[in-house]
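Worksheet: one structure, shown below.
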Amino acid sequence: MSVQTQLERVAPITTPRARRRSSTRFLLGGGALLGVLAILAIAAPLLAPHDPEAVVVREVLGAPSFDHPFGSDVLGRDVLSRVLYGLRVSLLVSVSAVLVSTIIAVPLGLLAGYFGRWVDTTISRTLDMILVLPAMLLAITFIAILGPGSAVAALAIAVIYLPILARVMRSSTLIVTRNEFVVGARARGAGHLRVIVSHVAPNAMGPVIVQASVLSAFALQLEAGLSFLGLGTQPPTPSLGGMLSDGRDVLVQAPWVEIFPGLAIVVAVLAFTFLGEGLRRAFDPKGVAE
Amino acid sequence: MTSRLAFVARRVLLTIPVLFVMSIVVFLIIRLVPGDPVRTMLGFRATDANVAEVRHQLGLDQDILTQYLNWAGALFRGDLGSDIVSHAPLSELLAQRLPVTFELTGLAIVLAVAIGVPLGIRAATGGRWVKRLTEGFVVFGISIPDFWLGIMLVLLFTGTLAILPPSGYVPFADDPVNNLRYMILPVLTLAVGEAAYILRTTRSALTGVLDRPFITFLRAKGLSTRRIVSGHALRNAAPAIVTVIGIQIGVLLGGAIIIETLFALPGVGRLVVTAITQRNYPAVQAGVLAIAVTFIVVSLITDILVGALDPRVSDGKST
Amino acid sequence: MSPDDRIEVPADVLQFTDVSVTFATDDASPVGPAVDGVTLALRRGEIFGIVGESGSGKSTLANAVMGLLPGTATVTGSILVNGREVVGQDDAQLRSMRGDEVSMIFQDASASLDPTWPVGDQIAETIRAHRLIDRREAKARATALMTEVGIPDAADRYGDAPHRLSGGQRQRIVIAAALANDPQLLIADEPTTALDVTIQAQVLELIDRLRTVHGTTVLLISHDLGVIAQVCDRVGVMYGGVLLEVATARELFRAPKHPYTRALLAANPAGAPRGTRLPVIPAAWSIESLSEAELLAQAKEAER
Ligand SMILES: Nc1ncnc2c1ncn2[C@@H]1O[C@H](COP(=O)(O)OP(=O)(O)O)[C@@H](O)[C@H]1O
Ligand SMILES: [Mg+2]
């Protein structure tokens, strides 16, 4: 019966207003969540009740209490303070990685989409090579060469997302370039650079911003995974992935050591995902971003 | 039929440049290490003679083209060099470890498809509540990092319920029952996220197909809804679903690197992670190579399957 | 052959009595019914044309017969197929009728066929959906149908995917699939609109010939007066969901009664070449907003 409903339904007639309303909900939700997380991360030194690296033997594996709301870990360090500092590192690595990637991808995608032909072929084929390896394997390869660390992890993430972001920018540039105002600007004698900078780029940015937000969610998980393997952020600097790795052996005795950092990752991932969904509904109605 | 064969041949030929690029990446791993890779590998206590010997052994004292040709030539003969730490031939090491990775990822993708496709069909054809519940599962599966999910599953199944071992491995040939007991949690961990992606793809591909005019004609011919969905809509959605499954196997192979470490499974992923921390570059190369080749072969099979499912693709027409 | 020569059979194949269709919209803004009080009976074996500009409710009326309207549509009145009520039937009953007693073909044949299925199987499947016959028999019957609708080397083309056939051939396959169970009524909604003019003529001839051979009644929908003029016995003119006038094709083109029809013909002289589209009639023509006298005046104006 329910199958019938689907077959008989009409494509939902979404009014622009309804679309705007649903996009606002996601934007507000994701934005607010991310704002709170960002404040927590930036103000970690002020907010953290304890020194995240202070080893207190008395407190080893202490259960959550008034003094340690999230409990304490194998070395008696305060889990809440470490989560706040870990969030700081995780957000920093993932956001800066995606930012760098976007900054490089935008001009590449613009050039490929605007000029087409051999420029497009050269850029696209070169970037395709990055996709020869699965993302995680490529990140691992980078780290194998350059050694572990959060900077290398960020670099690896930036490289992995380059082809995706450039491809989205290329597609949206292709669409914008066909618009009459671009053709008109060219006809009025404006140079390529002027047309790209003042007409194409501003109108083609929407989807790539959406994509960047979606990828930030993945970057965050990737960074946490690498740190979990001991290949990302190095101890003693607290990181969410590293905390999960530290607490692995005491999981059953002291689950709080594993639960809270994981929840922090989930919340941050959800924040980026909602933000991305809101941005998609607002700025990418054609669905250019993947 | 001949056009089908030509399509397969073309696709097989296309993997040659991909394999070539991949081989260069793997080849360069050791050579791009900043400073002297051999010294980094052997540590400070190594003597100059030691370093020179290993350098010669790895062929690093020749010019780069000769190095590549020798390396690629050895690769064709199945010679991957030997492990710096254990001195065992890497081909033997891979032969031991690949089955573990294949079992893990193979079971995970089967489970993910078994969950994702039927739920995706329900999501595309069901009522409002089915849609909400499946959407919740998608958000859950995509937002939870798989290794944390794995940790939580361990907490539940070995901590609270105490019915499954937390980690470890026995070969299937030695003890099939315990092998599967060890595999349950890692496979479940990997499968949940993948199932979410497969569900989402199935749902959107099927929804798209159900909106197409030929579905109306099928209804006008008097076919039942069940027949329309199973005989036509799914068949048309299959290429998109298979494509995504192929891509997700790549993601799964990456995820296996973490999950093998988490559950102490002696697979290729764990080999690579251990090798990186020990600066055992030949082992890193061998592991990366094995995973990359697997991924390339999977992509090839996926594309051929898509061609077989969609007559327009194998006829060289774009869809 | 004109319908007047036929022996009258008591029950009409298709009979509409005061049929109206309204679509529910998500915002509260009220829209008029898409089909508004249509009463009409089709005679056995005739080709009845419905003509009207785009959006006049032709497809909605046709889909109501098949029970193919979306869930947002409400149908009132009575639609009798061979004397049996269709309005308010459940899906199982409608399904046994569709593709068997009544078939329908749509505008774009390329889009009407499943791109992944061999064309022959798409014909055979219609038979197997309604008859208990084995695969081989269905295949033989489908091949024969392909030959009948004019596909050369039917047995060889049976296994071809739709994209290997030309647009005209695909429409022939669709017709074969629709006629596979010898329906008494064929509804053809703009069957030639997506085709170029020479192919259009061939497809219309095919429909006409099949009607003659099998005695199928045809409801042919078009916004193209040329198409209507070529094959229809009788014609109904629709505007804004209302069936304005019904006449034999000859009468309609010679002496249109309704002013809107006259305006239509004035803009498209009778015997207009196939492919001529109806002009979109300006909003001022809305029949609700104009009195009969005003319409008449405007029609006269248009004639000059
Ligand atoms: N699924 C639908 N939902 C809402 N309105 C519809 C739907 N289908 C058709 N309509 C409306 O019904 C009217 C008649 O449409 P239609 O029957 O398709 O006209 P025609 O076939 O003569 O071009 C139009 O105003 C159209 O907007
Ligand atoms: Mg229509």
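The values are calculated or read from the model by the stated rules, or taken from the named source; none is laboratory data. Please read these numbers as outputs of a predicted model, since none were measured by experiment. Note that we place each Cβ from the backbone using ideal geometry, even for glycine, and neighbour counts take in every protein chain shown.
Name the residue that is farthest from B:R97 (Cα to Cα), counting only residues in region B:162-196 that are free of Cβ contacts under 8 Å to residues at least 40 places away in the same chain and of a type in the set (A, V, I, L, M, F, W, C).
B:A162
Would you please name the residue that is nearest to A:L222 (Cα to Cα), looking only at residues in region A:250-262 that are touching a residue at least 12 places away in the same chain (Cβ under 8 Å) and more than 7 Å from chain B (Cβ to nearest Cβ)?
The qualifying residue nearest to A:L222 (Cα to Cα) is A:P261.
Residue-wise test of (1) in a helix (DSSP H, G or I); (2) modelled with pLDDT of 90 or more.
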{"residue": "B:A108", "(1), (2)": "yes, yes"}
{"residue": "B:L119", "(1), (2)": "yes, yes"}
{"residue": "B:L155", "(1), (2)": "yes, no"}
{"residue": "B:P166", "(1), (2)": "no, no"}
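Are any residues in region A:23-63 modelled with pLDDT under 80, assigned to a helix (DSSP H, G or I) and either among the polar types (S, T, N, Q) or in contact with a Pro (Cβ under 7 Å, 6 or more places away or on another chain) (or both), and if so, which ones? Show your work before the answer.
Filtering region A:23-63 down to residues modelled with pLDDT under 80 leaves A:23, A:43-44, A:46-63.
Right, trim to assigned to a helix (DSSP H, G or I) and you get A:23, A:44, A:46-47, A:57-59.
The answer is A:S23, and nothing else.
I need the helices (runs of 4 or more DSSP H) fully contained in region B:1-94, keeping only those with at least 2 residues that are at pLDDT 85 or above and not aliphatic (A, V, I, L, M). Spell out how you get there, then give the answer.
Numbers: elements: B:2-31, B:37-42, B:48-57, B:64-76.
Where helices (runs of 4 or more DSSP H) fall fully within region B:1-94 and carry at least 2 residues being at pLDDT 85 or above and not aliphatic (A, V, I, L, M), they are B:2-31, B:64-76.
Is it true that some residue in region C:134-157 is within 14 Å of chain B (Cβ to nearest Cβ), touching an Asp or Glu at 6+ places or on another chain (Cβ under 8 Å), closer than 23 Å to B:P213 by Cβ and in a strand (DSSP E or B)?
No, because not a single residue in region C:134-157 is within 14 Å of chain B (Cβ to nearest Cβ), touching an Asp or Glu at 6+ places or on another chain (Cβ under 8 Å), closer than 23 Å to B:P213 by Cβ and in a strand (DSSP E or B).
Quick check, is B:V293 surrounded by fewer than 22 Cβ atoms within 10 Å (Cβ to Cβ) and touching a Ser or Thr at 6+ places or on another chain (Cβ under 9 Å)? Explain how you work it out, then say what you get.
Numbers: surrounded by fewer than 22 Cβ atoms within 10 Å (Cβ to Cβ): yes; touching a Ser or Thr at 6+ places or on another chain (Cβ under 9 Å): no.
So B:V293 fails the test.
State the number of residues belonging to region C:52-90 that are near ligand 1 (Cβ under 10 Å from one of its atoms), more than 14 Å from chain A (Cβ to nearest Cβ) and without any contact (Cβ under 8 Å) to a residue 60 or more places away in the chain.
Within region C:52-90, the first condition is being near ligand 1 (Cβ under 10 Å from one of its atoms), and the residues that meet it are C:52-64, C:69-73.
From the residues that got through so far, the ones that are more than 14 Å from chain A (Cβ to nearest Cβ) too are C:52-58, C:61-62.
Next, from what is left, pick out any that are without any contact (Cβ under 8 Å) to a residue 60 or more places away in the chain: C:55.
Of the residues in that region, 1 qualify.
Looking at region B:2-16, I want the residues that are at negative phi and have a partner that is among the β-branched types (V, I, T) and modelled with pLDDT under 85 with Cβ atoms under 8 Å, at least 6 apart or on another chain. Which pairs are those?
Taking only residues 6 or more apart or on different chains, the pairs are B:F7/B:V313.
Looking only at residues in region C:28-51 that are more than 26 Å from C:D208 (Cβ to Cβ) and without any contact (Cβ under 8 Å) to a residue 40 or more places away in the chain, which one is nearest to ligand 1 (Cβ to nearest atom)? Break it down into steps so the answer makes sense when it comes.
Going through region C:28-51, the residues more than 26 Å from C:D208 (Cβ to Cβ) turn out to be C:28-37, C:39.
Subsequent filtering for residues that are without any contact (Cβ under 8 Å) to a residue 40 or more places away in the chain retains C:28-31.
Working: C:A28: 15, C:S29: 12, C:P30: 13, C:V31: 7 Å.
Top of the filtered list is C:V31.
Does region B:116-124 contain any residue that is in contact with a helix residue (DSSP H, G or I) (Cβ under 6 Å, 6 or more places away or on another chain), within 12 Å of another protein chain (Cβ to nearest Cβ), farther than 24 Å from A:G247 by Cα and surrounded by fewer than 17 Cβ atoms within 10 Å (Cβ to Cβ)?
Checked against the condition, which is being in contact with a helix residue (DSSP H, G or I) (Cβ under 6 Å, 6 or more places away or on another chain), within 12 Å of another protein chain (Cβ to nearest Cβ), farther than 24 Å from A:G247 by Cα and surrounded by fewer than 17 Cβ atoms within 10 Å (Cβ to Cβ), region B:116-124 yields no hits at all.
Conditions tested, residue by residue: (1) part of a loop (DSSP other than H, G, I, E, B); (2) crowded, with 19+ Cβ neighbours inside 10 Å; (3) at pLDDT 90 or above.
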| position | (1), (2), (3) |
| --- | --- |
| A:A144 | no, yes, no |
| A:P163 | no, yes, yes |
| A:A166 | no, yes, yes |
| A:T173 | no, yes, no |
| A:V182 | no, yes, no |
| A:A185 | no, no, no |
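Go through region C:185-220 and give me each residue that's within 16 Å of ligand 1 (Cβ to nearest atom) and within 11 Å of the chain's Cα centre (by Cα).
Narrowing region C:185-220 to residues within 16 Å of ligand 1 (Cβ to nearest atom): C:187-194, C:219-220.
C:I187, C:A188, C:D189, C:E190, C:P191, C:T192, C:L219, C:L220, listed by residue number.
Can C:I7 be described as more than 16 Å from ligand 2 (Cβ to nearest atom) and at pLDDT 90 or above?
Values: more than 16 Å from ligand 2 (Cβ to nearest atom): yes; at pLDDT 90 or above: no.
Criteria not met by C:I7.
Could you say whether any residue in region A:92-102 is within 14 Å of another protein chain (Cβ to nearest Cβ) and hydrophobic (A, V, I, L, M, F, W, C)?
Pass one, region A:92-102, residues within 14 Å of another protein chain (Cβ to nearest Cβ): A:94.
Going one step further and asking which of them are hydrophobic (A, V, I, L, M, F, W, C), we end up with none.
Within region A:92-102, not a single residue is within 14 Å of another protein chain (Cβ to nearest Cβ) and hydrophobic (A, V, I, L, M, F, W, C).
Just checking, does region C:247-256 include any residue being within 16 Å of ligand 1 (Cβ to nearest atom) and either over 14 Å from C:F48 (Cβ atoms) or modelled with pLDDT under 85 (or both)?
First pass over region C:247-256, keeping only residues within 16 Å of ligand 1 (Cβ to nearest atom): none.
No, region C:247-256 contains no residue that is within 16 Å of ligand 1 (Cβ to nearest atom) and either over 14 Å from C:F48 (Cβ atoms) or modelled with pLDDT under 85 (or both).
Take the residues in region B:274-289 that are surrounded by 23 or more Cβ atoms within 10 Å (Cβ to Cβ), touching a residue at least 12 places away in the same chain (Cβ under 8 Å) and out of contact with any Asp or Glu (no Cβ under 7 Å at 6 or more places or on another chain); name whichever of them is farthest from the other protein chains (Cβ to nearest Cβ).
Taking region B:274-289 first, the residues surrounded by 23 or more Cβ atoms within 10 Å (Cβ to Cβ) are B:275-276, B:281, B:283-288.
Still in the running and touching a residue at least 12 places away in the same chain (Cβ under 8 Å): B:275, B:281, B:283-288.
Applying the additional criterion that residues be out of contact with any Asp or Glu (no Cβ under 7 Å at 6 or more places or on another chain) yields B:275, B:281, B:284-288.
Details: B:A275: 8, B:Y281: 7, B:V284: 5, B:Q285: 9, B:A286: 12, B:G287: 9, B:V288: 6 Å.
In this case the residue turns out to be B:A286.
Test C:R131 against the criterion of being within 13 Å of chain B (Cβ to nearest Cβ), of a type outside the set (G, A, S), over 20 Å from the mean Cα position of the chain (by Cα) and away from ligand 2 (no atom under 16 Å from the Cβ), and give yes or no.
Details: within 13 Å of chain B (Cβ to nearest Cβ): yes; of a type outside the set (G, A, S): yes; over 20 Å from the mean Cα position of the chain (by Cα): yes; away from ligand 2 (no atom under 16 Å from the Cβ): yes.
Criteria met by C:R131.
Free of Cβ contacts under 8 Å to residues at least 40 places away in the same chain and within 22 Å of C:V21 (Cβ to Cβ), is that true of C:E245?
The answer is yes for C:E245.
Which of the following residues is assigned to a helix (DSSP H, G or I) and crowded, with 24+ Cβ neighbours inside 10 Å: A:F272, A:F218? Full working, then the answer.
Details: A:F218 fails: crowded, with 24+ Cβ neighbours inside 10 Å.
Criteria check complete, one pass: A:F272.
Being of a type in the set (V, I, T), buried (at least 21 other Cβ atoms within 10 Å of the Cβ) and on the phi < 0 side of the Ramachandran plot, is that true of even one residue in region A:59-74? First the steps, then the outcome.
Residues of region A:59-74 of a type in the set (V, I, T): A:60, A:74.
Now restrict to residues that are buried (at least 21 other Cβ atoms within 10 Å of the Cβ): none.
Checked against the condition, which is being of a type in the set (V, I, T), buried (at least 21 other Cβ atoms within 10 Å of the Cβ) and on the phi < 0 side of the Ramachandran plot, region A:59-74 yields no hits at all.
Here are some residues: B:I257, B:I241, B:I215. Which one is under 30 Å from B:L94 (Cβ atoms) and either facing chain A (nearest Cβ under 9 Å) or touching a residue at least 12 places away in the same chain (Cβ under 8 Å) (or both)? If you could, list the steps in order and put the result at the bottom.
Working: B:I241 fails: under 30 Å from B:L94 (Cβ atoms); B:I215 fails: under 30 Å from B:L94 (Cβ atoms).
After ruling out the rest, the residue left standing is B:I257.
Report whether or not A:V159 is more than 14 Å from chain B (Cβ to nearest Cβ), closer than 28 Å to B:L253 by Cα and either surrounded by fewer than 21 Cβ atoms within 10 Å (Cβ to Cβ) or touching a strand residue (DSSP E or B) at 6+ places or on another chain (Cβ under 6 Å) (or both). Give the derivation first.
Details: more than 14 Å from chain B (Cβ to nearest Cβ): no; closer than 28 Å to B:L253 by Cα: yes; either surrounded by fewer than 21 Cβ atoms within 10 Å (Cβ to Cβ) or touching a strand residue (DSSP E or B) at 6+ places or on another chain (Cβ under 6 Å) (or both): yes.
No, not satisfied.
Which one of these does B:N50 not meet: (1) closer than 19 Å to A:I140 by Cα; (2) free of Cβ contacts under 8 Å to residues at least 12 places away in the same chain?
With (1) closer than 19 Å to A:I140 by Cα; (2) free of Cβ contacts under 8 Å to residues at least 12 places away in the same chain applied to B:N50, the lone miss is (1).
C:D114: within 16 Å of ligand 1 (Cβ to nearest atom) and either closer than 14 Å to B:F214 by Cα or buried (at least 18 other Cβ atoms within 10 Å of the Cβ) (or both), yes or no? Walk me through it before giving the result.
Numbers: within 16 Å of ligand 1 (Cβ to nearest atom): no; either closer than 14 Å to B:F214 by Cα or buried (at least 18 other Cβ atoms within 10 Å of the Cβ) (or both): yes.
The answer is no for C:D114.
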